C-alpha cells in the first residue's frame, strides 16, 4: 500500500490562513494526477479545509473517512497514547485496504511524524502543507 500523507496548511484558531490555503492549493496541484483509492482526514477544520483544496482539482467519486485516530495531539496527551492511536489507525488501514491501493491521509504534524517513526524509524520535522509519501506500507 502507498500512503500519501499531507500536513494541513498554516492556520490560526483552527482555520487556514491565506498562506495555508495557498499551501493546500499547491499540495492539490502536486497530487492532481495521483491515483487515489481512499481518503482519510482528521476532523479538525484546518485539515478538512486542506482536503477541500486538494479535491477541488480532482474528480474522485468515493467516500472520505473522517477519523479521530489521526486528530491533533492534545497538549495533555502523552506520546505513548499518540503512538497507540496511530498504530491502531495503521492496523485498520492494513485490514481495510489492499496492498496495491494508494491512500491519501490529511492530518497533523505529530501524527505524520509518528507514522514516519513507526514505519521507517525516521525522525523528521514536517512543515505546513508538506507531502510525505510512504511506499510499500
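Numbers below:
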| item | result |
| --- | --- |
| The range 58-137 and the range 15-49: distance between their alpha carbon centers, rounded to Å | 14 Å |
| Cβ-based exposure ranking for 85, 68, in which fewest neighbours within 10 Å come first | 68, 85 |
| CD proxy at 222 nm, helix term only [per DSSP H run n ≥ 4: -39500 (n - 2.57); per residue of the chain; nearest 500] | -13000 deg cm²/dmol |
| Inter-probe distance in nm under a simple model that places probes 7 Å from Cα toward Cβ, at residue 127 and residue 69 | 3.1 nm |
| In nm, spacing of pseudo-spin labels at residue 60 and residue 33 (7 Å Cα→C-beta vector) | 1.8 nm |
| Neighbour-count ranking [beta-carbon atoms within 10 angstrom, fewest first] of 25, 86 | 25, 86 |
| Backbone N under 15 Å from the residue 19 label point (7 Å along Cα→Cβ), restricted to the range 103-137 | 127-130 |
| Antiparallel bridge percentage (DSSP; both residues within the chain; nearest 5) | 30 percent |
| Ascending count of other beta-carbon atoms within 10 Å, so fewest first, for 18, 131 | 18, 131 |
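A short reminder: the numbers here are calculations on the coordinates, not readings from a lab. These numbers come from a predicted model, not from an experiment. When we count neighbours, we look across all protein chains shown, and the Cβ atoms used for this are built from the backbone with ideal geometry, even at glycine.
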